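In what follows, a structure is listed as structure tokens, so that the remarks can point back to it.
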Amino acid sequence: MHSPVAIIAIAKPSKSDPEPTLGPVHLSWFETRKVKKAVKEVLKDPGSAEFGSIYARRNDETSIDVCGFVSARNSFGGMTGMQPFHTSIFSTGSTGMVWISDPWQVAVLCKAAGMFGNGLAERLME
């Protein structure tokens, strides 16, 4: 008596990981949390941070540039009003240097990252 035999063919995918899409991206909850944590680390009063709009753009396979606005208490105890910031998220999971104190520099970084068309850099350069 013969036993039935099953033969299963498994197709190998042509690529193990698809190429990341370049351009504007929606940050995941985890990525947004990482960005906010990195920004809070450079503030005088991290607990008072209030975030405004946050924009993100993938410009290469290893990083996402992030630009946005944050308000927090300053040394005098008053709120700063929405101040622009720029940072990056790398494929390793780490974040880059946070630029926040110089709005012109933030505008230049956001423009270089390709975020000039969303109104952020134009607003900063007024």
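For region 23-124, the square roots of the Cα gyration tensor eigenvalues, ordered a ≥ b ≥ c, give a/c of at least 1.5 with a/b no greater than b/c, which places it in the oblate category. Label sites at residue 104 and residue 76, each approximated as a point 7 angstrom past Cα along Cα to Cβ, lie 2.3 nm apart. Here's how it looks for residue 55: its modeled amide H is under 5 Å from those of 67, 68, which are all 5 or more places away or on a different chain.
Would you kindly state how much longer the chain becomes between residue 29 and residue 62 on full extension, computed as 0.36 nm times their sequence separation minus their alpha carbon distance, in nm to one decimal? All intermediate terms of the calculation are to be shown ahead of the outcome.
Values: separation 33, 0.36 × 33 = 11.88 nm, distance 1.89 nm.
Length gained, residue 29 through residue 62: 10.0 nm.
Which order do peptides 85-95, 51-61, 21-31 fall in by mean Cβ count within 10 Å, highest first? Before the final figure, lay out the partial values.
Numbers: 85-95: 17.2, 51-61: 15.5, 21-31: 11.6.
So the peptides 85-95, 51-61, 21-31, ranked by packing, come out 85-95, 51-61, 21-31.
Laboratory data are not the source of any read-out in this text; all were calculated from the coordinates shown. Not measured: the values here are computed from a predicted model. Every residue, glycine among them, receives a Cβ derived from its backbone with ideal geometry; neighbour counts consider all protein chains shown.
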